[in-house]
Amino acid sequence: MLALAGCAENDSGAKSASSEPTSPAPGRGKGYSHDPFPSTYRTYPGAPTLVTNVTIFDGEGGRIDNGAVLFRDGKIVEVGQALIADAGVTVIDGRGKYLTPGVIDIHSHLGDYPSPGVEALSDGNEMTSPVTPEVWAEHSVWPQDPGFARALTNGGVTTLQILPGSANLFGGRSVTVKNVYARTMQGMKFPGAPYGLKMACGENPKRVYGSKGRAPATRMGNIAVDRQTWAKAVEYKRRWDKYEDKGGEPPSRDIAMDTLRGVLEGEILVQNHCYRADEMAVVMDMAKEFGYRVTAFHHAVEAYKIADLLKGNNTCAAVWADWYGFKMEAYDAVNENLAILEKEGACAMIHSDDQNGIQRLNQEVAKARASGVKAGFDISEAQAWRWLAINPAKALGIADKTGSLKPGKMADVVLWNGNPFSVYTRPQMVWVDGALLYDANNPKLRPVSDFELGQPGEGDVK
């Protein structure tokens, strides 16, 4: 009996030792939700439509004269010439007009810095720390910003990336949206688009935090804080990878590190504010040190100096046509920046970073192309249209869904009342996912912010 009792005690002890609570391995990427604020976007109703007799820029460098585009159920169906309309298809004769994919702006602050531009609505820069990857631009987006309608009706913009500001080294997550009005940000959110991480180098972070007597106060301070932060992110990723692969006690969550882990996994794309060539080169080397890639440098006034490095690192440059000189790091610009990047085979595009500039990105591309042609670069209009179509779509990770007039892609389409490289040309009609949201000849088809409705001289009576 004593022996049996001893065995029983040993069995009990063994059970107690082996019954410490452990969690099974959830699987890589399944330790926590990566999409806690999912898109609720729903397309507006549209009608099968055939636009005929137009000059087409397909967004990938192709041009079709006397062309036609058919779309239905929100998707491009056919692109070519002499297409035949089936019964029930709306036919639009676009004789003398141009048809393009919807304009994509990779750098906007609409919604985060909305109109009216008052302090109460200034929500784009979390200037409380140089490292704030935990903030998400979408949580500041005001979906009733009147600027969204202006961008669509004046500029043909159908997709845009909304970024935090550039005061911080790590500014937070960006969000890509369809340019439609909705009651919530999630109702605008581009389905399946990856998040971006806004980063900044150069003058802004060192000025903002150096003036407060804290790091960074220099460019070397910028990189030091960056590297310290990435080193922490690598360790955070290691702990979560181990838990998701093997189980056990889950590590403590850190919302800021979740974002950086997403970058290291390739799930979140780095969108980096940077002007000087030497700084962009340093940042690309830092990315190699910690195992991530810079998807695009924004502003990139000196990108023309390192076109080969950008191409070699598979990093894009989002630039202006001729906006420069407003601070020292923006001084050494050339109007041929975009054309040089194109000639050298680097990924390049136009961007606005401005609530007014977003309304005429077609004119910005026209200026950039004209500067290149004047300098001897052979760049066709159709080729230049890639700078606000397929190239920004690639840099946003959505080129399989939009950015060109190809069968199966979203029917984000603009009919221009003339050559879009002319300052006299405006959008005639704009479709988003095949839904006609703007018609210059139909006052009832002009998107209006709920904020503007009923205000004298604005909204429903403008």
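Observations on the structure shown:
- CD proxy at 222 nm, helix term only [per DSSP H run n ≥ 4: -39500 (n - 2.57); per residue of the chain; nearest 500]: -8000 deg cm²/dmol
- Heavy-atom SASA rank of F326, F148 (probe 1.4 Å, accessible area, largest first): F326, F148
- In the context of the full protein assembly, S380 retains an accessible surface of approximately 50 Å², using a probe radius of 1.4 Å and ignoring ligands and nucleic acids.
- Partners for K327 among aspartates and glutamates (Cα-Cα distance below 18 Å; same-chain residues under 8 apart left out): E203, D278, E279, E302, D353, D354
- Fraction of accessible area attributable to carbon and sulfur, the chain (%, probe 1.4 Å): 51
- Electrostatic dipole magnitude of the chain [Cβ: Lys, Arg +1; Asp, Glu -1; Cα centre; debye, to 20]: 240
- Sites matching trypsin sites (Lys or Arg not before Pro) across the stretch 324-364 that sit in DSSP coil, with at most 14 neighbouring C-beta atoms within 10 Å: K327
- Centre separation in Å (Cα based) which lies between the stretch 93-144 and the stretch 241-317: 22
- Rounded accessible area of Y44 (nearest 10 Å², 1.4 Å probe): 100
- Across every direction, the projection of the convex hull enclosing the Cα atoms of the chain has a mean area of 29.8 nm².
- Under 21 Å from K367, Cα to Cα: lysines that are on another chain or at least 8 residues apart: K97, K305, K343
- Note on the chain: antiparallel DSSP beta bridges, both residues inside, total approximately 55 percent of the bridges counted.
- Take the Cβ atoms of D308 and D35, set R0 to 56 Å, and the FRET efficiency comes out at 0.90.
- Accessible-area value, H139, 1.4 Å probe, nucleic acids and ligands omitted, Å²: 100
- Checking the cross-link pairs K198/K242; K232/K311; K30/K198; K189/K406; K212/K394 against a 32 Å limit on the alpha carbon distance flags K212/K394 as lying beyond it.
- Each residue, S380 and E267, gets one label point 7 Å from its Cα in the Cβ direction; the gap between the two is 4.2 nm.
- Residues V413, V334, V282 ordered from highest to lowest accessible area at a 1.4 Å probe: V282, V334, V413.
- Accessible area per residue, Å², the chain with all protein chains present, probe 1.4 Å: 43
- ³J(HN,Hα) computed for each position of the stretch 190-196 - Karplus, 6.51 cos²θ - 1.76 cosθ + 1.60, integer Hz, glycine/proline x: 5, x, x, 6, x, 6, x
- When M220, M257 are compared by accessible area of protein heavy atoms, the largest-first order is M220, M257, using a 1.4 Å probe.
- Multiplying the residue separation of N356 and M127 by 0.36 nm and removing their Cα-Cα distance gives an extension gain of 80.0 nm.
The values are calculated or read from the model by the stated rules, or taken from the named source; none is laboratory data. These numbers were taken from a predicted model, which means no experiment stands behind them. Positions of Cβ are generated from backbone atoms using ideal geometry, with glycine treated the same way; all protein chains shown enter the neighbour counts. Note: accessible area is taken over every heavy atom of the protein model, side chains too, but ligands, DNA and RNA are not part of it. Shrake-Rupley method; radii C 1.70, N 1.55, O 1.52, S 1.80 Å.
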